[in-house]
Amino acid sequence: MSFALSKEQRMAQQLFRRFAEKEVKPLAQEVDENERFPSETVEKMARFGFLGIPYGKEWEGQGCDTLTYILCVEEMSRFCATTGVIVSAHTSLGCDPIAKYGTPEQKEKYLPDLLSGRKLGAFALTEPGAGTDAAGQQTKAVLDGENYILNGSKIFITNAGQADVYIIFAMTDKSLGTKGISAFIVEKEFPGFSVGKKEKKMGIRGSSTCELIFENCLVPKENMLGKEGKGFGIAMGTLDGGRIGIGAQALGVAQGALDETVAYVKERKQFGKPISAFQNTQFQLAEMQTRIEAARHLVYDAAATKDSGARFSVEAAMAKLYASQTAMEVTTKCVQLHGGYGYMRDYPVERMMRDAKITEIYEGTSEVQLMVVAGALLK
Amino acid sequence: MNKQDYKGVMIVVQQMDNRISGVSYELIGKGKELAEALRTEVTAVLLGYEVESLCAALGKYGADRVLMVDDPALETYMTEPYARAMAAIIERFKPEIVLFGATAIGRDLAPRLSARVHTGLTADCTKLEIDPETRDLMMTRPAFGGNIMATILCSNHRPQMATVRPGVMQRIAPLESVECPVERVRVDGLAEGKNVEILEIVKKENKRQDIQEAKVLVSGGRGMGGPENFSMLEKLADALGGTVSSSRASVDAGWAEKDRQVGQTGKTVRPNLYIACGISGAIQHLAGMEESDVIVAINKDPAAPIFDVADFGVVGDALKILPLLTESIKAIRAEKKGA
Amino acid sequence: MKIIVCVKQVPDTNEVRLDPVTGTLMREGVPSIVNPDDKAGLEAALRLKDQYGAHVTVLSMGPPQADLALRETLAMGADEAVLLTDKAFSGADTWATSSTLASALSDMEYDLIITGRQAIDGDTAQVGPQIAEHLGLVNISYAEDLRVEDDCVVVKRQFEDRYHIIKAKMPCLITALSEMCEPRYMTPGGIFDAYRSREIKTLVRSDLKIDDDNIGLKGSPTRVVKSFTKAVKGKGTVVALDAHDAVDWITDRLQEKFIL
């Protein structure tokens, strides 16, 4: 098994890299500083097809594959983890459920707008009382004539407030436990739906993370996604794909931090020479790049496995687990190698370290990933 | 084609609005040198309408004679009439060398002409010499995006053509009393050559330039003392045809706008000339400008790191030096322009 | 409307570095790109395609790896791509290059030919006007802006201190400046299409009606006899003089460097 990207994938990678350097990099610091959602970047990404990469042209997608989409998330994240997660949450969490589980009518209604980037997608599973214990859903959905009525709230939802279409999970039958959870496609205009407070975060500060509030929210019954009671399976299946996206985000952050640090240690002189001349520095850089390469293999392999049609949950879990740990380790070391400058907000590495942390938490904490892998081993 | 039939060095003079462009004098100066090595003459070719009064200056700057094509069709530069006129001159007078300024005109006219008469053309030459054995013109120019130099020959075709950028060659000191005969050359069919329509001519007004586009940057740092002193930088920049940039310290202090900032957290610039005034040369600043072609640094502190990358460093007070430098440069430029 | 855009694949000379130890050029690992002026010309053509449904063909003369540059132009939206490639074309100066391209163009249909003003490796700005001469076409160089008016083009032609608005009848040739327009990005889908469902037409020497005297090294009136690296920049000279002397010293140095 060799990991050469195909010619198309390599050219796509060049495209993403150039776009990220020109459009994403210059805004990264300000987006973080002002906690500002980079709408102008999202609009440009939409224009050039970055928001529908792995889906078919019949739905206004780009007709590429998962690995190409992953390359996009990685390259954006090298300069700005916020931009990376916008693409990842929209694609893996917002579009994938509809593409995979939607009826032909639902696909026709929602996919073209989402994949062309005319509309932005999001996914809402987490609640105040249901994080890692995702099964503890409190949001309720009750059928009333032509509509479901949703009541409850979701928190920590990525892209909330900016998205137009949300994949929502709610309890349709509490007595059935996880088999009583259903999925719904909710448009922001539906009556009774509102976006609550925007969170102030440690990192990915430009990403819009908000509460969602459902107060007798009317959702047409044809907007149930998949069959009643199948919601938990849909959520878990979707998160498997989302994990690869977050793995790519973590990978990008790690590589971006290392690239900055390699440049820095060549210029920074102490004791009469650049600090890159010291073996301590050299060995640390070498360790970090090796670790990043290993993470890269796991992430790309998970993407390729998904594309092959085979089951990929374990590969995705390992990829996210390892890549996010690598990101945290690498960014922390990179700040250290920058010395005092690494702590200053003018240098990108401190932001990258703050950004890295979330990759170990959302879309399934590292502990959840360990559970998945252990579960597979001990079957 | 017999090489021996071709003799003499020709300079295609550029004039706009009946004013001779400086590069033409520089080329006549160089042409004179080449002509001496070849034991032949340097001829200035002047194309235009009602341009007779310009001929005297050409002689003052070294032309042995002037060939003038004075025709209404040549009043404003247009490719085809100019190409026709020059092609006729080349055919009639058979020069062995023809030089053009590498300007927006020269870089349009020269290639068209070289293709018309089927000869070689070398662009942007920085050095021109005669090979004493072969009498060939040795043309040296930057290649590979300016990263290396190449010497080029056009051994089997005549005339050998080359373009040279303004400011590369030097004009001679103007001669006092010279004999420079002017020959009017008639070329037919120039009016018929007007195959495009010039709808409008618009002259540009000066606007503040993007520092990444400027060829000359005069940059101010903390050593400038205060915003009121930045006007000194502007005056020097004007005299040099460049614009003002600054270090981060100046921007943070509110003395300059963020779009002027050079450095790791500002812009990276690669001008031909970077003059660093009162800038210490912190690594973060150097990262943004160390690829400039020529770096001049003025700083009171002899240990300032800027001197490690400067081509020419002066330990001194920028506030005293800058006004004097500006006056001096203005004087030198005026001297060079005036004819 | 049929537009042919001539592009060149060039090494990104802005990324080339000199080896600090040997002083020689480090050519390996320098990425190849579509020449910036050419890319702007292509964007202008693609905008005419968006606006008028023009058909855009991209033509390039180069080694087999120029295929990469042509795929990029297809991924940006060009309709067709043609690669002129043959060992016989190598070593060409601008006369031979422009003759070869003109020969291929003379077998093609066009209303407008767009070339870039200059390539960032050769920097001559000669090939465009020379192609026009070989084909007997009007050429308008240094185009900063381009629009179509019936059967004419209207071009903003740049000079150092002014511009001309020039109108010319098609067919004609213009050379584009990179300032002309910001080239669009490729799309991922465009890239996949460029590789999976598009063909690049290849033309070799025998496909052209042209004399050996006009192609390749043999057909080049100019040739390089020597190449060498410029001196590597090290630490310069630092002086401590009084203000007036310092000024004279500076102006002398600037004049030596031909900046003044």
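The values are calculated or read from the model by the stated rules, or taken from the named source; none is laboratory data. No experiment lies behind these values; they were computed from the predicted model shown. Positions of Cβ are backbone-derived with ideal geometry, glycine not excepted, and every protein chain shown enters the neighbour counts.
One line per residue, one yes/no per condition, for (1) in a helix (DSSP H, G or I); (2) surrounded by 22 or more Cβ atoms within 10 Å (Cβ to Cβ); (3) polar (S, T, N, Q):
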| site | (1), (2), (3) |
| --- | --- |
| A:Met288 | yes, yes, no |
| A:Ala294 | yes, no, no |
| A:Ala303 | yes, yes, no |
| A:Asp307 | yes, no, no |
| A:Glu315 | yes, yes, no |
| A:Gln325 | yes, no, yes |
| A:Met328 | yes, no, no |
| A:Arg345 | no, no, no |
| A:Glu350 | yes, no, no |
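Got at least one residue in the range C:231-243 being at the interface with chain B (Cβ under 10 Å from one of its Cβ atoms), closer than 19 Å to C:Val7 by Cβ and among the acidic types (Asp, Glu)? Among the residues of the range C:231-243, not one is at the interface with chain B (Cβ under 10 Å from one of its Cβ atoms), closer than 19 Å to C:Val7 by Cβ and among the acidic types (Asp, Glu), which makes the answer no.
Being under 14 Å from A:Phe193 (Cβ atoms) and over 18 Å from the mean Cα position of the chain (by Cα) is a condition met by no residue of the range A:110-132.
Among the residues of the range A:352-376, those identified as farther than 19 Å from A:Glu74 by Cα and either more than 16 Å from the chain's Cα centre (by Cα) or part of a helix (DSSP H, G or I) (or both) are A:Ser366, A:Glu367, A:Val368, A:Gln369, A:Leu370, A:Met371, A:Val372, A:Val373, A:Ala374, A:Gly375, A:Ala376.
Residues of the range A:1-47 that are surrounded by 14 or more Cβ atoms within 10 Å (Cβ to Cβ) and of a type in the set (Lys, Arg): A:Lys7, A:Arg10, A:Arg17, A:Arg18, A:Lys25, A:Arg36, A:Lys44, A:Arg47.
Filtering the range B:139-148 for residues that are surrounded by fewer than 24 Cβ atoms within 10 Å (Cβ to Cβ), among the polar types (S, T, N, Q), under 29 Å from B:Glu192 (Cβ atoms) and under 20 Å from the mean Cα position of the chain (by Cα) leaves an empty set.
Scanning the range A:159-171 for residues that are in a strand (DSSP E or B) and among the aliphatic types (A, V, I, L, M) gives A:Val165, A:Ile167, A:Ile168, A:Ala170, A:Met171. In the range A:48-84, the qualifying residues are those that are surrounded by 24 or more Cβ atoms within 10 Å (Cβ to Cβ) and of a type in the set (Gly, Ala, Ser), and the one that is farthest from the other protein chains (Cβ to nearest Cβ) is A:Ala81. Here C:Leu83 meets the list (1) away from chain B (no Cβ under 14 Å); (2) in a loop (DSSP other than H, G, I, E, B) almost entirely, failing just condition (2).
Yes or no, residue by residue, for (1) at pLDDT below 95; (2) under 26 Å from the mean Cα position of the chain (by Cα); (3) on the phi < 0 side of the Ramachandran plot; (4) not aromatic (Phe, Trp, Tyr):
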position	(1), (2), (3), (4)
B:Val244	no, yes, yes, yes
B:Asn272	yes, yes, yes, yes
B:Gly278	no, no, no, yes
B:Ala282	yes, no, yes, yes
B:Leu286	yes, no, yes, yes
B:Ile306	yes, no, yes, yes
B:Leu322	no, yes, yes, yes
B:Glu327	no, yes, yes, yes
B:Ile332	yes, yes, yes, yes
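For B:Leu217, indicate whether it is of a type in the set (A, V, I, L, M, F, W, C), in contact (Cβ under 8 Å) with a residue 40 or more places away in the chain and in contact with a Gly (Cβ under 6 Å, 6 or more places away or on another chain). Judged against the criteria, B:Leu217 is a match.
When the residues of the range C:156-186 are filtered to those that are surrounded by 23 or more Cβ atoms within 10 Å (Cβ to Cβ) and either of a type in the set (S, T, N, Q) or within 14 Å of chain A (Cβ to nearest Cβ) (or both), the one that is nearest to A:Gly63 (Cα to Cα) is C:Met186. Checking each residue in the range C:98-147 for being among the polar types (S, T, N, Q) and within 7 Å of chain B (Cβ to nearest Cβ) picks out C:Ser98, C:Thr124, C:Gln126, C:Gln130, C:Asn139, C:Ser141. Residues of the range C:86-97 that are of a type in the set (D, E, K, R) and more than 14 Å from chain B (Cβ to nearest Cβ): C:Asp86, C:Lys87. Taking the listed residues B:Ser250, B:Ser231, the one that is in a helix (DSSP H, G or I) and touching a residue at least 24 places away in the same chain (Cβ under 8 Å) is B:Ser250, with no other qualifying.
If you go through the range B:185-201 and keep only what is more than 14 Å from chain C (Cβ to nearest Cβ) and surrounded by 11 or more Cβ atoms within 10 Å (Cβ to Cβ), you end up with B:Val185, B:Val187, B:Gly189, B:Leu190, B:Ala191. Of the residues making up the range B:294-339, those that are within 8 Å of chain C (Cβ to nearest Cβ), surrounded by 15 or more Cβ atoms within 10 Å (Cβ to Cβ) and part of a loop (DSSP other than H, G, I, E, B) number 5. Please determine whether any residue of the range A:85-93 is touching a Ser or Thr at 6+ places or on another chain (Cβ under 9 Å), more than 14 Å from every other protein chain (Cβ to nearest Cβ), touching a residue at least 12 places away in the same chain (Cβ under 8 Å) and β-branched (Val, Ile, Thr). Yes: one or more hits.
Out of the residues in the range B:158-171 meeting the condition of being aliphatic (A, V, I, L, M) and either under 17 Å from B:Ile20 (Cα atoms) or at pLDDT below 85 (or both), tell me which one is surrounded by the most Cβ atoms within 10 Å (Cβ to Cβ). Checked the range B:158-171; the qualifying residue surrounded by the most Cβ atoms within 10 Å (Cβ to Cβ) is B:Val164. Residues considered: B:Arg135, B:Arg107. Of these, the only one that is of a type in the set (Lys, Arg), surrounded by 21 or more Cβ atoms within 10 Å (Cβ to Cβ) and touching a residue at least 40 places away in the same chain (Cβ under 8 Å) is B:Arg107. Candidates in the range C:187-229 are the residues that are in contact with a strand residue (DSSP E or B) (Cβ under 8 Å, 6 or more places away or on another chain), among the charged types (D, E, K, R) and within 14 Å of chain B (Cβ to nearest Cβ); of these, the one that is farthest from B:Gly120 (Cα to Cα) is C:Lys226. Here B:Ser155, B:Ser177 are screened, and the one residue that is over 24 Å from C:Thr13 (Cβ atoms), among the polar types (S, T, N, Q), assigned to a loop (DSSP other than H, G, I, E, B) and at pLDDT 95 or above is B:Ser155.
I'd like to check something: does the range C:208-221 contain any residue that is of a type in the set (Val, Ile, Thr) and either out of contact with any helix residue (DSSP H, G or I) (no Cβ under 8 Å at 6 or more places or on another chain) or assigned to a loop (DSSP other than H, G, I, E, B) (or both)? Checked the range C:208-221: at least one residue is of a type in the set (Val, Ile, Thr) and either out of contact with any helix residue (DSSP H, G or I) (no Cβ under 8 Å at 6 or more places or on another chain) or assigned to a loop (DSSP other than H, G, I, E, B) (or both). The strands (runs of 3 or more DSSP E) located wholly in the range A:49-158 that include 3 or more residues which are in contact with a Leu (Cβ under 6 Å, 6 or more places away or on another chain) occupy A:121-124, A:147-158. A search for C-beta distances below 9 Å between a residue of the range A:104-123 that is modelled with pLDDT under 95 and any residue that is not hydroxyl-bearing (Ser, Thr, Tyr), counting only pairs 6+ apart in sequence or on different chains, returns nothing.
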